[in-house]
Every structure is written in C-alpha cells, then in structure tokens.
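What follows is calculated from the coordinates using simple rules that are stated; it is not laboratory data. Just so it is clear, the structure is predicted and the values come from calculations on it, not from any experiment. Because the Cβ atoms are built from the backbone with ideal geometry, glycine has one as well, and the counts that use them run over all protein chains shown.
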Amino acid sequence: MKPNNLEVLPFFRPTRLTFTKERITSKKPEGNRGSTWGIVHLLLYYQILKDIEDGNLFPDQEVLFSAEAAKEYGTLRSTNGLAGEVRLLKDVINQAVSLNAPDCIVALFELYGGWEQTKNKLRGLSNLLNVSVYSRIAPTGRKKDIQLTNIYDYYKIGRAFLSLSKSSHYYLKNRSHLIHGKLFEPQVNLTYDATILSSIFWGTNQSECLIFKEEKGKLECFLVINGKNEKAVVDIASNNDFYLDENEYTSFLDVGKDIKYKDWLVKNFDGYFLNKKIIEDLEVDHVTLDESYMRAGKWNKVAFIALSAPNYRSLIPSTRQNIHKNEILKKSQLLDNVSLIVTDRPINELKDRIPQFIVPDSLFFAYQYASYMSEIYNGKFIAITGSVGKSSTRLMLRHLLQETDKIHENYRYTNLHYPTFGLGLEINNNYDISIFECAGAAMNVISYGNNSYLWRANVAIITAIGSAHALTGIERNMFIKKQIFYGVKEGGYAVINGDIEKKYLTPILNTAKELNLNILQYSMERKDVDCRLLRRDVQKDNTIVEVSLLGKELKFSLKTDSDGQIQNAMATLLAIECIGYSAENFVERFADYRSFERILAPVEIEINNMKVTLIDDTHNSSIEATMNGIDYFSSKKKFYDGEAILVLGEVADLGNQTNEQHKRLEPYINAASADKVFCLGEPFKHLEFQDENVMHCETREQIVSEIKKSLKDDSFVYIKGSLNSGVEFYKVVDMLKKEANVLQKGV
C-alpha cells in the first residue's frame, strides 16, 4: 500500500526558515515539519564544492558518465547523458543543480569512485552535521516512502553552504546549458533578483528550495519545503511575513471532541481497519511500541504500534532481533491490555479479537503520530541532557512538581534513542508537564534522527559537559548534547550550567543564540549568571543552600548535597521559573528530596561493634561526578571521629582517554586529606599521590578486607565507582552490608 495523501497532512505543510551563519532570522516553524524528499544530492553538492575549495577537486577536471548514470537517460529532467560521455566538473555540477538532473547527480558519484564510496564519504559528512539516516535513502534525493527529512536537517545543510566562499556559490547559480545540441533551460529562473547569489531547487515541481541572497555583504539562506510548485516556493521564500496560523491546522487533531479516535486515524493517516465490525467502541488511553512501557505504567486501553524487524533495528542497531513485533505481541501476557494494534502486517489470528489499523510503515506512522500529539500538547515540556546530572535534575523536578501537576517522564534509565522515541508517543493532554532526560544517543542520526525534534520543549537543560562516555570524544559528546536545542519552541529557554569549561560552554551558548533561545545560566562560581550560589552551610546530614535566582534570594535544605546536586537544584529552580511558576513556592520541598538509591545514599552499619557510616555513591560515575564526590567527602569527614576512608573505582567508558581523564583526579585525592584511600583499577596506578595512605587494590574483595581492617568507631567511608557491568563497584557496598548489621538509613 502506497501513501496517497502525504502532501495534505499538516506534518508536510509549507514551511519556511531563513537564517545566516550566525542565527535564524525568521520565526521558528510550529511543530515538527518534514519532507519526503532526501538530502543526498545536497550533501553531494556541498562536499564537491568543499573539495574544490580545499584543492582536492578541480573545476576543469573531467567527469565520466558511468553506466549507472546512463540508466537515468529517460527519467524526468535527465540531460540524456550517455555511458562513457565526458563533461567538465564545473558543468556537471551546475547541470545537476540548475536542472535537478538525476543523470548528472549519479555521474558526480564517479568523483569518489562510485555510489558505494560516495555513500561512505557522505555518511561522514552526515554524522558531522547530525542529519538522519532516513533522510538519505535515495541516491538522487528522489522521493521514497520511508524517507523523511526534518526541516532542521535541511537547515544544518543550508548553514554548511553559507560557510562556503562566494566564488563556490557561482557553481550553484542556475543557468541554461546546451547539451548534445539541445538547449536545457534551468528549472527556475531567478535572474530578476540581483541579490540572489545562488539557489538549489528540488522536488518534482521544484517544491523545495535553498535560496542564498547577499545584501550589504551579508549572506542569508531562505529555506522552503513542501511548497506546491516553483512559483509558490519562490513566493513563500520572498514573503518576509510568511507564517502559518497554528490554529488553522491543529483543530483536526482534537480527538474526542468532534471526532472519534477511529475516525481521526482514518482521516489523518494512511491506513485502514482490518475488521470494522469490532472498532465501534474503540478507546485508547495510551500509545506505545514496547511492552515495558505498559508494564511500568500498568496501562490499559493501549494502542500498540508493532514495528517490523528492520524498523526496530533502525532504532537499536545493536539488536539481533529479526522478527516482527507482531510475533512478540501474539504471545504477550499483556494482550488483554491492548485495545488497538497498529501494524504494517495484519495479524489474522487476532482479527476478530483486537482492532487492527493497517498502515504502510509502522515506524513512519509512529513518527508522525508523536509529532502530531506533541504539536497539540497544552502542557509544559522540559528536556534535559548532560554528561552527568540529567537523571537527578529530572528527579528533582518531579519531586518539586508532583504535588501540583500530573507528570509524564522517563521510567528508570530510559534515556536512549528507542525509549525516548517511545516516550514521545505518550505525550498527551492528560499530563500537565512532561520531563524527558535524554542521553546523547537519543539525539543522534539513526533512523529518523534527533528525537528532540519531536518534543517541542519549552525548556532545554544542559547540566554538564565532560568526560562521561568520552569513548566517542568529549567534543563529539558536547556537539551531540547541544542538539537538544533544535526542538525547543519559538520563545523557549535554554538553561545551561555556566560552570562548564569555557571551550565547551562557548559553542553551547552559540548554538542556543543561533536558534534564538532565551538563555539562562547557573553557576557555583560565577556572579554574572541568572542563578548563583550565595552561600552554603555544610552540616552532617544536609547542606543549607542560599542562591540568588533572577534577583530573588532563596534558601533551602538538601540532603543529597554534593556540589553537583546543588548545581542540579539551581537548574531545577530556573526551569520552574521558565514554565511560569514561582520557584519560591517550591524550595521547601527540597528538604525531603532523595535521588536514586545509590546516589550519595547514607547507610549506617555495625562491624565488629563499631558504628560506621557508608556513603553509597555507586549509581554511576564520571570524572566530574568523582571530583564532586571527593569534595563532598572532604566537606563531611569533619563530622566523624573515626577514620575518614575514601574508596574509588575506575570510571568506565573513557576509551583511549582513560589515563588522561583519571589524571584529573590526582589533585582532588591529594587535597582530600583522607586517612585511607583505596583504589581499584589500572588508571589509578599512573597517578602520583602526596601521602602514603593510598593503596591500589586488585579486587573488590581486597578493598572490603582493607576497609574492615582500617575501621574505628564512628568511621566515615565514601564509596564511588561505576555501575558499568565491567566495574560493578556497588558490590563493594553490598559486601560490606552483608557482613554487618544494617542499623538505619537507606538500606
């Protein structure tokens, strides 16, 4: 079944974005706008021009038309290139752009050794720009059912073109060509406007474009997608007041008012009901693509979207699952909780039991569905990312707001691509506030790309950027994390940790400025921020914190009270202000906040008739979190009369930066003045310590043994290490508890 009404769906409505290299200059589009046209040809043009600028290619070098290029002989806009024909590069690239000629596009692949080699080269460029896999399915950028390009994927490519020299844009200026004695006129003639430096149009009716204008030495790009034809696209591009009224397009989404759910599906999505006899009383309260959501939320009346094996693998490339979700669903113990199945393959065994809506592609349906529901969402949305602190910040927000608002959020650690995509399907107006934490993997290029496009957040928080998961490089980690800003609504907020190292903070701030977000910063050290620390009083079981927040002085108590947790509290207060609440009405609720079980969790035990306080901080680890933890240890040890023991495990997932990153811990450990320090992991053997009180242990069992030998009554033991399956440092705590009598806290 082929999609037959894509062009009329609001997801594919005409959309315009204008921008310079520095910032977006128009209002950001409402919703999550997409197009079924691809980007391979655009990436190819940019790569060629960049290689010409770098001296790797030359305008007058020859391009040989391959047999593959010749196969495009009879296609729309072909220049009738013949196998073995030779033309100059400067002509072929202009013919490809001016005429949108598929044979010329394919001929250009030979510059890099053919399609497969070109695909590999463009994959690197795509990853560099962070544009989705499913926007580059068709080699010539032609329409494919599964292919989808987000407006911000086009935007990122347009910005790349803006970085090219003015002379490079000459190759993109539409002009006519005489080929084999036949005159080929450019698909669009914009010579009447002297400010237009170059332009690229694509689509069957030239329905999409990038137009580059230069005025007063400033180059600006006009991006339009989903226009009806070339004239409509040019009109939209040149209309500075173009902006679609949101209400004009979203009334159709009001399910339950004037239209039943079943009728809304048929009206707005490509699909049909397998058995109409059983759909009359269809009710849907939740939507998901995985049983785990149903189980965690104890959901009933669920619409289950069953993905094919290839689509499932597109969201989780590492999976080995090779069967359709239909097969899993048929055997599910939760089948009675399902009121609707959305699938691209009918389940005949269930046709008389559960309504089935059959669609061309389940994942494509899910992406549109999540986009639409987010667009009509009336609640507030807060998205959170960072190297550390994102879970704690989410939990703080939930803790402060749960008495006044119904909240939709991650369950447990569901912050990667597949689960956050699934969370987006459940966005609906039954929730007052949605709070999503997302790892970098939620915003990468797999499948339809950056999930934050879907969410239309009011606020995006970046908690920290550092060495966590530095296996891919800290700079790449930072680059991916700031992708969270692309989905923030017009007029939305970027809440940013101002204590991030300057070389990482500057590009984060620049991206937020480029997207016209309202920027708010918080800091433990700086004074020129929107939320700053005034003072703190560290006590044995908590810390009294005073901050200046947007000109107001607030005071609160934190039991989970490391420097990192204080920073997270500041981010939380700023986010609360951003969604229209007064933070002073919520600060008292910090007093009874606790984070995850193994984050700064105090446990009192008794070993050999000696009372000991353990601090279990083994939920997970990073270099930054370990630094904060050591500072926490230093501030708390004075409240105990026994031995102050610091126990550290290797930080995982640092790759070839492991030793370099652990070296950063050296001054913190030396300044901690611990009575004993026990370390586990090869990286600690490369550090230099000022005292002889540091012992390298080979096993967790040895650490436990050494701790027991060192204890005195009223000792204080801080234990920090990774949850990672190769480290599993939490077992140190568990072994100590097993050998002791647990007295009170946090068991």
Q | the chain, helix-only ellipticity at 222 nm - DSSP H runs n ≥ 4, -39,500 (n - 2.57), divided by all residues, nearest 500 | A | -9000 deg cm²/dmol
Q: Would you mind computing Rg(Cα) / (2.2 N^0.38 Å) for region 1-150, counting N as its residues?
A: 1.13
Q) So what J values fall out for region 388-405 if you push phi through Karplus, 6.51 cos²θ - 1.76 cosθ + 1.60 with θ = phi - 60°, rounded to Hz, Gly and Pro as x? A) 9, x, 5, 5, 4, 5, 4, 5, 5, 4, 4, 4, 6, 9, 5, 6, 10, 9
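What FRET efficiency comes out for the pair residue 216/residue 510, r = Cβ-Cβ distance, R0 = 35 Å, nearest 0.05?
0.95
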Q: Determine, from the Cβ-Cβ distance of residue 301 and residue 348 and an R0 of 30 Å, the FRET efficiency 1/(1 + (r/R0)^6), rounded to the nearest 0.05.
A: 0.80
Q: At a temperature of 20 °C and a viscosity of 1.002 mPa s, determine how fast region 88-134 diffuses translationally according to Stokes-Einstein, using the Kirkwood radius over alpha-carbon pairs as Rh; express D in µm²/s, rounded to the nearest whole number.
A: 186
Q. If only Cα atoms are counted, what is the Rg of region 413-536, and what is its Dmax, in Å?
A. 14.9, 47
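Expected output is a single nm value to one decimal: the length gained when fully extending between residue 412 and residue 278, i.e. 0.36 nm times separation in residues minus the C-alpha distance. What is it?
Numbers: separation 134, 0.36 × 134 = 48.24 nm, distance 3.60 nm.
Here the segment from residue 412 to residue 278 would lengthen by 44.6 nm.
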**Q.** Mean Cβ neighbour count within 10 Å, used as a protection proxy, ranking 444-457, 398-411 highest first
**A.** 444-457, 398-411
Q. Using only the Cα atoms, what convex hull volume per residue in Å³ does region 329-400 have?
A. 178
(Q) I'd like the Karplus ³J(HN,Hα) series for region 525-541: coefficients 6.51, -1.76, 1.60, θ = phi - 60°, whole numbers in Hz, and an x wherever there's a Gly or Pro. (A) 10, 7, 9, 8, 10, 7, 9, 10, 6, 8, 6, 8, 10, 7, 10, 4, 10
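How big is the charge dipole of region 582-711 about its Cα centre, in debye rounded to the nearest 20, if each Lys and Arg gets +1 on its Cβ and each Asp and Glu gets -1 on its Cβ? Write down the numbers at each step before the final one.
Values: 14 positive and 24 negative charges, 34 e Å.
Computed charge dipole of region 582-711: roughly 160 debye.
If you take the C-alpha gyration tensor of region 621-681, multiply each eigenvalue by 5 and take the square root, what semi-axes do you get, largest first, in whole Å?
23, 11, 9
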Q: Alpha carbons only, please: Rg and Dmax for the chain, in angstrom.
A: 28.9, 100
Q. Can you list the equivalent-ellipsoid semi-axes of region 555-631, largest first and in whole Å, using the square root of 5 times each Cα gyration tensor eigenvalue?
A. 29, 15, 9
Q: Holding the Cα-Cα limit at 29 Å, pick out from 90/119; 325/720; 406/555; 50/503 the pairs that are longer than that.
A: 325/720
Q | Spatially proximal lysines relative to residue 552 (Cα-Cα < 18 Å; intrachain offsets below 8 disregarded) | A | 527
Q) What is the set of long-range amide H partners of residue 287 at a cut-off below 5 Å, with H atoms built 1.01 Å from backbone N? A) 303
